[in-house]
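Engineer: Attaching a single structure in structure tokens format; questions to follow.
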Amino acid sequence: MSDLEQDRPSSPEDLAPTTDTKPAAAASDDDRFECRACGYKYNPSKGDPKNRIIAGTPFSVLPMTWKCPSCGVKKTAFANIGTTESYGFKENQGYGFGVNTMTPGQKSLLIYGGLAVGILIFLSLYTLN
């Protein structure tokens, strides 16, 4: 077995923090976390191949020394954005007029659909005498 294979964790439990580190904010195992510095999203179902974090590793069991693979900031710079089914930050899901729970595709349809209706109304004004 090579040195690289010996260093690689075999399961998410191997990455559990020691008792002297403070655990991350309480979150479910399938919650995604977004880097507030660069926007990188840590998805537990994909893990972090760059830092040799295997798929299925929840954010809460990542070591405190783990850093963003994109910009290198500490683990504490990440914010919980909820599960892969929800969009936006988890704490913002209850605000607004229901727009915070929409998918990006639904938001685009709402924006461009509204623009199209506005243009049609504007063009229809040319038919008035």
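The values are calculated or read from the model by the stated rules, or taken from the named source; none is laboratory data. Quick caveat, the model's predicted, so the values are computed rather than measured.
Engineer: Which count do you get for residues in the range 98-129 that are assigned to a helix (DSSP H, G or I) and within 30 Å of Gly82 (Cα to Cα)?
Structural biologist: Summing the residues that are assigned to a helix (DSSP H, G or I) and within 30 Å of Gly82 (Cα to Cα) in the range 98-129 gives 14.
Engineer: Is at least one residue of the range 12-25 assigned by TED's automatic domain parsing to the domain that holds Ile81, at pLDDT 50 or above and in a loop (DSSP other than H, G, I, E, B)?
Structural biologist: Checking the range 12-25: not a single residue is assigned by TED's automatic domain parsing to the domain that holds Ile81, at pLDDT 50 or above and in a loop (DSSP other than H, G, I, E, B).
Engineer: Among the numbered criteria (1) part of a loop (DSSP other than H, G, I, E, B); (2) more than 13 Å from the chain's Cα centre (by Cα), which single criterion is violated by Lys50?
Structural biologist: The number of the failed condition is (1).
Engineer: What number goes with the only condition from (1) modelled with pLDDT of 75 or more; (2) outside the structural domain of Arg36 (by TED's automatic domain parsing) that Ala79 does not pass?
Structural biologist: Tallying (1) modelled with pLDDT of 75 or more; (2) outside the structural domain of Arg36 (by TED's automatic domain parsing), Ala79 fails exactly one: (2).
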